[in-house]
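What follows is a single structure, written as structure tokens, with notes after it.
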Amino acid sequence: MMSKVRVLISLLCVTGVCVFLRDSSLETFLERSLQHQYTRPCACEKCVSEDDPLFMQRFNKSVEPFLSAKYSLSEDDFSWWKGLQAEKRNLTFYNTTVDNLFKIFPSNPDVVGPSPDRCRTCAVVGNSVNLKRSHYGPLIDSHDVILRMNHGRTEGYEADVGKRTTHRIFYPESSMDLDNTTHLVLVPFKILDLEWLIGAFTTGFSGKSYMPVNSKIKAKKDLVMVINPAFMRYVHVKWLEEKGRYPSTGFMALVLALHICDEVNVFGYGADKDGNWSHYWEKLRDKKFKTGIHPGNHEYEMIQQLAKQLKLNFYTGW
Ligand code: C5P
């Protein structure tokens, strides 16, 4: 009797092991073949860099958003860039200035590419008046990367715009001091802007621009990044079909986010009811400003299109 029970128990054990082995190897097999077919570029619900024919007509992964010591700007891109603010000096002078720049600042941009096990969320925060009373603050602060631009302040406006900033994008005429955890992202429109960056971190800048600029700036040297003029041209040509004089800082920041983030959420874009780009922290002075030299309507339509294609989420405020 005892031996019959033992045989029965042994049989049950063997069957159990077989079923376990079969199920787990089937699972592994299925997992492996699925992975073989498609590895997602990031761990978000939807990744910006996932292919999509309409998006791919404009998006070009190979255009480097930031300058680096080894990057070489083409004659053609330089000629386009020279036209933005009537630069007179030549490409050789530009190259020497860039070489000097990388003696002071990191020679490689601090950017991590997409990875299947990471979801890097970004909030791009423009300066629109539509942020007023939006209560977006906590939502904005919940992102990994928070890009703000120019004078977009946070003190006193935390409930609507949040308080964290990981990257601030500006040019010399719209610069400000930063804390030592925020990346300074310079948008250069002329060689003088690169000279300003060097001067502002060293001896002080004494040159003259079309309006007064800070001679010195407080920010962390190791967190300085410079937008590539070829990237600016790419945004103008590919994303805005050459409308307007050149893209706004805000639109460049938005395309930059599409290049460096896995998920992009957009806040603070949109003119007021009279078509002016008014700010959330001040009363508009020049009622005829509209969107300046930038193709504001076209930029806005492009953001709406991207939202429709689920490449970003557009929070339109009030
Ligand atoms: O005015 P400022 O250039 O500092 O604003 C930063 C960016 O925010 C602009 O370049 C523009 O793209 C965006 N903006 C907007 N609507 C506004 C104000 C600013 O879309 N009312």
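The values are calculated or read from the model by the stated rules, or taken from the named source; none is laboratory data. These numbers come from a predicted model, not from an experiment. Note that each Cβ is placed from the backbone with ideal geometry, even for glycine, and that neighbours are counted across all protein chains shown. The protein model used for the area step is the full one, side chains on, heavy atoms only, and it has no ligands, DNA or RNA in it. Shrake-Rupley method; radii C 1.70, N 1.55, O 1.52, S 1.80 Å.
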Under 6 Å by Cβ, and 6 or more places apart or on different chains, what pairs join a residue from segment 274-295 that is among the charged types (D, E, K, R) with one that is open to solvent by less than 40 Å² (accessible area, probe 1.4 Å) and within 11 Å of the ligand (Cβ to nearest atom)? Lys290/Gly275; Lys290/Asn276
Search segment 63-91 for residues that are farther than 19 Å from Pro247 by Cβ and pair each with any residue that is loosely packed, with under 12 Cβ neighbours inside 10 Å when their beta-carbon atoms are under 7 Å apart and the residues are at least 6 apart or on different chains. Leu91/Glu75
Mind listing just one residue for me: the one in segment 270-282 that is in contact with a Phe, Trp or Tyr (Cβ under 7 Å, 6 or more places away or on another chain) and more than 17 Å from Arg153 (Cβ to Cβ) and, of those, farthest from the ligand (Cβ to nearest atom)? Asn276
Matching residues, segment 203-238, being aromatic (Phe, Trp, Tyr) and surrounded by fewer than 21 Cβ atoms within 10 Å (Cβ to Cβ): Tyr210
Filtering segment 283-316 down to residues that are within 10 Å of the ligand (Cβ to nearest atom) and at positive phi yields Gly292
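Let me confirm something: among Arg133, Arg168, which residue is free of Cβ contacts under 8 Å to residues at least 24 places away in the same chain and within 16 Å of the ligand (Cβ to nearest atom)? Give the derivation first.
Numbers: Arg133 fails: free of Cβ contacts under 8 Å to residues at least 24 places away in the same chain.
Checking each option against the conditions leaves just Arg168.
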Quick one: which of Lys288, Lys311 is of a type in the set (Lys, Arg), over 16 Å from the mean Cα position of the chain (by Cα) and not in a helix (DSSP H, G or I)? Lys288
When Leu258 is evaluated against the numbered criteria (1) touching a Gly at 6+ places or on another chain (Cβ under 7 Å); (2) more than 13 Å from the ligand (Cβ to nearest atom); (3) within 30 Å of His135 (Cβ to Cβ), which criterion, by number, is the only one it fails? (1)
Output for segment 143-184, where each listed residue is among the basic types (Lys, Arg) and open to solvent by less than 50 Å² (accessible area, probe 1.4 Å): Arg148, Arg168
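So that you can scan it fast, the table gives a plain yes or no per residue for (1) under 17 Å from the mean Cα position of the chain (by Cα); (2) crowded, with 17+ Cβ neighbours inside 10 Å; (3) at pLDDT 95 or above:
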residue: Arg58; (1), (2), (3): yes, yes, yes
residue: Ser74; (1), (2), (3): no, no, yes
residue: Phe78; (1), (2), (3): no, yes, yes
residue: Asn95; (1), (2), (3): no, no, yes
residue: Leu101; (1), (2), (3): no, yes, yes
residue: Val111; (1), (2), (3): yes, no, no
Ser115 - would you say it is away from the ligand (no atom under 16 Å from the Cβ), among the small types (Gly, Ala, Ser) and in contact (Cβ under 8 Å) with a residue 60 or more places away in the chain? yes
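If we only count helices (runs of 4 or more DSSP H) wholly inside segment 169-274, which ones have 2 or more residues that are over 19 Å from Leu147 (Cβ atoms) and over 19 Å from the mean Cα position of the chain (by Cα)? Give the derivation first.
Numbers: elements: 191-201, 229-234, 249-260.
Qualifying helices (runs of 4 or more DSSP H): 191-201.
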In segment 136-160, anything in contact (Cβ under 8 Å) with a residue 60 or more places away in the chain and among the hydroxyl-bearing types (Ser, Thr, Tyr) is listed as Tyr136, Tyr157
Among the residues of segment 282-294, are any open to solvent by less than 10 Å² (accessible area, probe 1.4 Å) and either over 29 Å from Trp81 (Cβ atoms) or in contact with a helix residue (DSSP H, G or I) (Cβ under 8 Å, 6 or more places away or on another chain) (or both)? no
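Working carefully through the options Cys122, Cys47, find the one that is more than 16 Å from the ligand (Cβ to nearest atom) and either open to solvent by less than 50 Å² (accessible area, probe 1.4 Å) or in contact with a Phe, Trp or Tyr (Cβ under 6 Å, 6 or more places away or on another chain) (or both).
Details: Cys122 fails: more than 16 Å from the ligand (Cβ to nearest atom).
Exactly one of Cys122, Cys47 is more than 16 Å from the ligand (Cβ to nearest atom) and either open to solvent by less than 50 Å² (accessible area, probe 1.4 Å) or in contact with a Phe, Trp or Tyr (Cβ under 6 Å, 6 or more places away or on another chain) (or both), namely Cys47.
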